[in-house]
Amino acid sequence: MNKENKIAIIGLSGESIFMKMDHFNEEGETVVANTYHVEYGGKGYNQAVAAARYGAKVSFLTLCGDDNIATLVESTLKKENINAYVIKRQGKKSASACIMIDKEGRNRVVCYPGLSSEMTKEDVMLFEEEIKTSKYLLLQLEMSDESLYKAIELAKKYNTLVILNPAPAKKLPLNLLKDVYLLTPNEHEAKILFDLEDLDDLKNLELNNIIITLGEKGSILKEESNIYNIPAINVKPLNTTGAGDTYNGVLCAALLEGNGLYDAAKIAGLAASISVTKEFVIDSIPYKEEIK
């Protein structure tokens, strides 16, 4: 298979419950939700959908329990034309999240991580052929360190380029980061990952390719020794949940079709700006024909 037209993604899948309300509750306050919506998602899942809707051929490895959520995750991935590797752990529960959204479009998220920290290097080895035959491997930190390191090791072995979205934020060893082709933290994650006091210090980092997403302020691209500021598209946000996942999935797919980092970041930013004008996450992820 041609490495030029395929993306491998590893990440979390589970159930997402959305509740919309006028305002977030204070301590001791009960707030009645105006709407209730259930869909299937997770960082890796959302990114896989975003890349596939942009037109990329995507294989996705995920770990679930042996429950109804796992079955529905698998079937919904297949509907998105994603080659799904859904590992089901007996006697375990899949991940679940509750997303509360206020009338300003802001969100608060509470999640049960399910098996996100239980993926093993043996699980990743089941995905070895997909990593080997893909041009890009897209990862996040909703997985165990053991599985993260093994995935990056395999990618290095087969000259597959790793794009790492370091979320949820945590410190990672520099020698691991040097094996990553592109890092895509948001501003908060970048400060944790790199100990940055100021984003102006980005130029001093030893790493080559970094995109820091800044929400409504756009993004900053560090490509080798060059720094570029990429403005955001001005929109009125309805819901920002999943915008980062849309960005990363489309970014990877745009790179796959031959765009450079700067142009791919602009395309991903446009996709993310479209996503925040729609409700929920999966429903908000645009198709390629919408991104123009």
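The values are calculated or read from the model by the stated rules, or taken from the named source; none is laboratory data. Keep in mind that what you see is a predicted model, and the values were worked out from it rather than measured. Note: ideal-geometry Cβ built from the backbone for every residue, glycine included; neighbour counts use all protein chains shown.
A few comments on the model shown:
- Taken over segment 179-203, residues that are touching a residue at least 24 places away in the same chain (Cβ under 8 Å) and over 20 Å from the mean Cα position of the chain (by Cα) amount to 2.
- Identity of the residue in segment 129-164, farther than 18 Å from A50 by Cα and of a type in the set (V, I, T), that ends up surrounded by the most Cβ atoms within 10 Å (Cβ to Cβ): I131
- For segment 18-60, the tally of residues that are of a type in the set (V, I, T), surrounded by 15 or more Cβ atoms within 10 Å (Cβ to Cβ) and modelled with pLDDT under 95 stands at 0.
- Among residues of segment 123-140, those that are in a helix (DSSP H, G or I) and among the hydrophobic types (A, V, I, L, M, F, W, C), counted: 3
- Hits in segment 45-67 (condition: touching a Ser or Thr at 6+ places or on another chain (Cβ under 6 Å) and in contact (Cβ under 8 Å) with a residue 40 or more places away in the chain): A50, T62, C64, G65
- Hey, L207 within 22 Å of I152 (Cβ to Cβ), within 17 Å of the chain's Cα centre (by Cα) and surrounded by 13 or more Cβ atoms within 10 Å (Cβ to Cβ) or not: no
- The set of residues from segment 213-262 being among the basic types (K, R) and not in a helix (DSSP H, G or I) comprises K222, K236.
- Filtered residues of segment 77-122 (kept if small (G, A, S), outside any strand (DSSP E or B) and crowded, with 18+ Cβ neighbours inside 10 Å): S94, G114, S116
- When each of A265, A190 is tested for being assigned to a helix (DSSP H, G or I) and at pLDDT 95 or above, the lone residue that passes is A265.
- Qualifying residue in segment 256-274 (condition: touching a residue at least 60 places away in the same chain (Cβ under 8 Å), in contact with a Ser or Thr (Cβ under 7 Å, 6 or more places away or on another chain) and closer than 23 Å to I7 by Cβ): yes
- Residue, nearest to T213 (Cα to Cα), within segment 244-268, restricted to residues that are small (G, A, S) and surrounded by fewer than 23 Cβ atoms within 10 Å (Cβ to Cβ): A264
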